[in-house]
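FYI, it's all coordinate maths here, none of it is from the lab. Source: prediction; values computed, not measured. Note: ideal-geometry Cβ built from the backbone for every residue, glycine included; neighbour counts use all protein chains shown.
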Amino acid sequence: MYPLIRNRRLRTSEAIRSLVRETILTPSDFLVPLFVTEGKGIKDEISSMPNYFRLSLDQLEKEVKELWSMGLGSVLLFVKVPENLKDNKGTEALNAEGLMQRAIKTVKNACPDMLVMTDVALDPYSSYGHDGIVANGQILNDESAELLAEMSVSHAAAGADFVAPSDMMDGRILTIREALEDEGFINTGIMSYSAKYASAFYGPFRDALDSAPVDQIDVPKDKSTYQMDYANRFEAIRETQMDIEEGADIVMVKPGLCYLDIVREIKNEVDVPVAVYQVSGEYAMLKAAAEKGWLDHDAVMIEQLMAMKRAGANIIASYFAKDAVKLM
Ligand code: PBG
């Protein structure tokens with residue numbers, strides 16, 4: 001039988017394709033991760049992340065103004081902490097004049113309406129490169145959660161709009177929420193890394209911040225006792241539901257591309273905004289393939305970002321945000 005229904009009718013021209021397109025990317029979909037370092041006039045390219053930089057505060061100011069002018073209105077801050085300031089308890093994280101606290105103020109001074117989110121985890125501050133306190137070869141849960149709550153309050157006091165705990169300790173969302181409420185930061189939001197997998201895709205990020213777990217006896221060599229096993233799916237739903245019950249305003253799945261099944265599943269399951277983090281290794285992979293001439297950088301980038309949105313992500317944390325917006 002000759003077909004009456006021809007799906008190709010809806011693909012005959014760009015006009016009809018755009019008319020029926022189900023998913024659209026806009027600058028407001030993006031959360032831009034930024035790496036901050038001490039010093040002045042520093043714009044240090046990260047070797048495993050071509051065209052991505054560690055910025056000193058003066059350069060950070062320039063960068064956020066540029067982002068703002070491009071319609072990118074939300075940033076996620078990470079700091080590279082000098083080695084001599086690291087210890088097991090991440091003491092420097094609570095310094096009101098610490099790099100993170102100064103970075104928050106720098107962004108708010110430069111662009112008062114920019115949404116500022118901050119990474120909350122001990123790893124950049126930890127002499128062991130772990131997201132919590134290390135004791136007897138283990139990562140302490142409750143003691144770490146208490147520190148993360150203090151850290152969150154410190155970020156809120158410096159002007160952060162949202163804190164983003166990326167550590168995967170149990171119960172930390174409630175601990176953080178209660179601490180923020182106690183200190184009067186009732187409008188400071190929490191974006192929880194709810195389903196964060198123990199992934200090899202974080203390698204370049206750990207280069208950027210020099211934050212990889214150290215190779216030492218009595219220090220766990222990886223993060224698999226707190227980050228999730230990538231073989232698991234139901235566990236992601238449980239983790240996410242618990243974070244919402246504990247007070248998370250936004251939940252996140254991380255990494256991105258290999259985990260879009262999880263994004264869709266979570267999106268179908270919960271009614272808070274869902275973020276996805278296209279992580280450093282995903283960025284590095286495409287940059288490397290494009291450098292070799294093996295992939296069309298821009299086409300593959302947009303395809304991946306579109307897939308994340310189609311999978312159900314309301315927010316995409318991505319190192320490609322600027323590249324992508326330039327094409328829009
Ligand atoms: C720290 C943190 C990591 C990332 C975000 N926050 C690294 C890790 O958990 O080891 C990874 C981001 C990326 O790879 O782009 N808790």
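Calculated mean residue ellipticity, 222 nm, the chain: -11500 deg cm²/dmol, from DSSP H runs (n ≥ 4) at -39500 (n - 2.57) each, averaged per residue and rounded to 500.
Taking Glu63, Glu150, Glu14 in turn, the Gaussian network model of the chain (Cα-Cα springs below 10 Å) assigns the largest fluctuation to Glu14.
Relative contact order of segment 1-77, taken over Cα pairs closer than 8 Å and 6 or more residues apart, is 31 percent. Each Cα pair under 8 Å and six or more residues apart adds its separation to the average, and for segment 136-189 the resulting relative contact order is 45 percent.
For the chain, relative contact order (Cα pairs under 8 Å, six or more residues apart, normalised by length) works out to 17 percent.
For Leu10, Leu180, which order do you get if you count the other beta carbons within 10 Å of each Cβ and list the fewest first? Can you show the working numbers first?
Details: Leu10 12, Leu180 22.
Lowest count first: Leu10, Leu180.
Considering only Ala195, Ala157, Ala149, the mean-square fluctuation computed in a Gaussian network model of the chain, springs between alpha carbons under 10 angstrom, is largest for Ala157.
Could you pull out the pairs from Lys43/Lys80; Lys89/Lys221; Lys105/Lys221; Lys89/Lys223; Lys80/Lys196 whose alpha carbons sit more than 23 Å apart here?
Numbers: Lys43/Lys80 13 Å; Lys89/Lys221 18 Å; Lys105/Lys221 35 Å; Lys89/Lys223 17 Å; Lys80/Lys196 21 Å.
Pairs exceeding the cut-off: Lys105/Lys221.
Considering only DSSP beta bridges where both residues belong to the chain, give the percentage that are antiparallel (nearest 5). Kindly include the intermediate steps, with their values, before the conclusion.
Working: 7 of 40 bridges.
Looking only at bridges with both residues in the chain, the antiparallel portion is about 20 percent.
On a per residue basis, the convex hull of the C-alpha atoms belonging to segment 27-326 measures out at 123 Å³.
With a 10 Å Cβ neighbour count serving as the proxy for reagent exposure, in which order, fewest first, do Trp294, Trp68 appear?
So the residues, fewest neighbours to most, are Trp294, Trp68.
Each residue of segment 141-146 is assigned a 3J(HN,Hα), and the resulting list reads 7, 5, 5, 5, 4, 4 Hz, derived from the Karplus form 6.51 cos²θ - 1.76 cosθ + 1.60 (θ = phi - 60°), x at Gly and Pro. Note on the chain: dipole from Cβ charges, positive end direction compared against Tyr259, Gln138, Val107; the farthest Cα belongs to Tyr259.
With only Lys, Arg, Asp and Glu charged, each at its Cβ (+1 for the first two, -1 for the last two), find how big the charge dipole of the chain is about the Cα centre; round to the nearest 20 debye. It would help to have the intermediate numbers written out before the result.
Details: 34 positive and 51 negative charges, 380 e Å.
Dipole about the Cα centre, nearest 20: 1820 debye.
For segment 275-282, the Karplus equation 6.51 cos²θ - 1.76 cosθ + 1.60, evaluated at θ = phi - 60°, returns couplings of 9, 10, 10, 7, 7, 4, x, 5 Hz by residue, with Gly and Pro reported as x. Going from the residue with the fewest nearby Cβ atoms within 10 Å to the one with the most, Met328, Met49, Met168 rank Met328, Met49, Met168. Note on segment 1-154: Cα-only Rg and Dmax are 22.1, 76 Å. With viscosity 1.306 mPa s and temperature 10 °C, the Kirkwood radius over alpha carbon pairs of segment 85-221 converts through Stokes-Einstein to a diffusion coefficient of 104 µm²/s. Couplings 3J(HN,Hα) of segment 201-216, computed from phi: 6, 8, x, x, 4, 5, 5, 4, 9, 6, 10, 5, x, 6, 8, 8 Hz, in residue order, whole Hz [Karplus 6.51 cos²θ - 1.76 cosθ + 1.60, θ = phi - 60°; x for Gly and Pro]. Entry note: segment 8-95 has Rg to Rh equal to 1.22, where both radii use alpha-carbon atoms and Rh is the Kirkwood radius.
Mean-square fluctuations from a GNM of the chain, with a 10 angstrom spring cutoff on Cα atoms, peak among Pro112, Pro165, Pro33 at Pro112. When only alpha carbons are used to place a centre, segment 110-140 and segment 228-246 end up 20 Å from one another.
Residues whose amide H comes within less than 5 Å of that of Gln227, counting only those at least five positions distant or on another chain, are absent (H built at 1.01 Å from N in the peptide plane). Taken as Cα centroids, segment 183-227 and segment 67-99 sit 14 Å apart, rounded to the nearest whole angstrom.
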